[in-house]
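**Q** Please see the structure below; I have some questions.
Readers should treat all values here as calculations from the given coordinates under stated rules, not as data from a laboratory. What you see is a predicted model, and the numbers here were worked out from it, not measured in a lab. Virtual Cβ from ideal backbone geometry, glycine too; neighbours counted across all protein chains shown.
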């Protein structure tokens, strides 16, 4: 609530030039802050789904591929593996030198010790065998190769 203060040297009720009105500094206008926060919330809600995409992998084709019914653990080997030595466990990027330890941790929590490898078609056979060796050292019992059905 604004307060009216008397100004002037005369205490006879005259106000001099005019009444001075002062406001308390404790009253902060939060409406602009709420507007900005709502705009930022909308921006993040729109852009978040665009940021959560995995690696682009061109899977090889197989004629007798069977659909997977279990809740599998996927290890993705991208086409850039020979350069950066990074694979992806489900959606987490992992350097291949710590893949063995990460798989040991993942196998402790699971009863099914099988993993599906999704490798790009351009990954060399040597790189694929190297990743599968690291998976076996990490406690994986069965390694399956993920493919896509052949186009007819």
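**Q** Stretched out fully, how many nm does the piece from residue 64 to residue 137 gain, at 0.36 nm a residue minus the Cα gap? Kindly include the intermediate steps, with their values, before the conclusion.
**A** Working: separation 73, 0.36 × 73 = 26.28 nm, distance 2.90 nm.
My answer for the length gained is 23.4 nm.
**Q** Between residue 44 and residue 109, with labels modelled 7 Å along Cα→Cβ, what's the label distance in nm to one decimal, could you check?
**A** Rounded to a tenth, the inter-label distance reads 2.4 nm.
**Q** Okay, moving on. Please report 118, 95, 102, 63 as a ranked list, fewest other C-beta atoms within 10 angstrom at the top and most at the bottom. Write down the numbers at each step before the final one.
**A** Details: 118 20, 95 11, 102 17, 63 8.
The most exposed by this proxy come first: 63, 95, 102, 118.
**Q** Would you please calculate the Kirkwood hydrodynamic radius of the stretch 61-149 over all C-alpha pairs and express it in Å, rounded to one decimal? Mind showing how you got there, number by number?
**A** Numbers: mean 1/r = 0.0754 Å⁻¹.
When all Cα pairs of the stretch 61-149 are included, the Kirkwood radius is 13.3 Å.
**Q** For 142, 113, what ranking results if the residue with the fewest other Cβ atoms within 10 Å of its Cβ goes first? List each step's numbers first, then the result.
**A** Numbers: 142 11, 113 14.
So the ranking, lowest neighbour count to highest, is 142, 113.
**Q** Also: Quick one: Debye curve from the alpha-carbon atoms of the stretch 104-152 only, equal weights, vacuum; give me log10 I(q)/I(0) at q = 0.13, 0.26 Å⁻¹ to two decimals.
**A** Values, matching the q order: -0.36, -1.00.
**Q** Now for a separate question. How would you rank 147, 47, 111, going from fewest to most other Cβ atoms within 10 Å of each one's own Cβ? Display every interim value, and only then the final one.
**A** On the way: 147 17, 47 9, 111 5.
In order of increasing Cβ crowding within 10 Å: 111, 47, 147.
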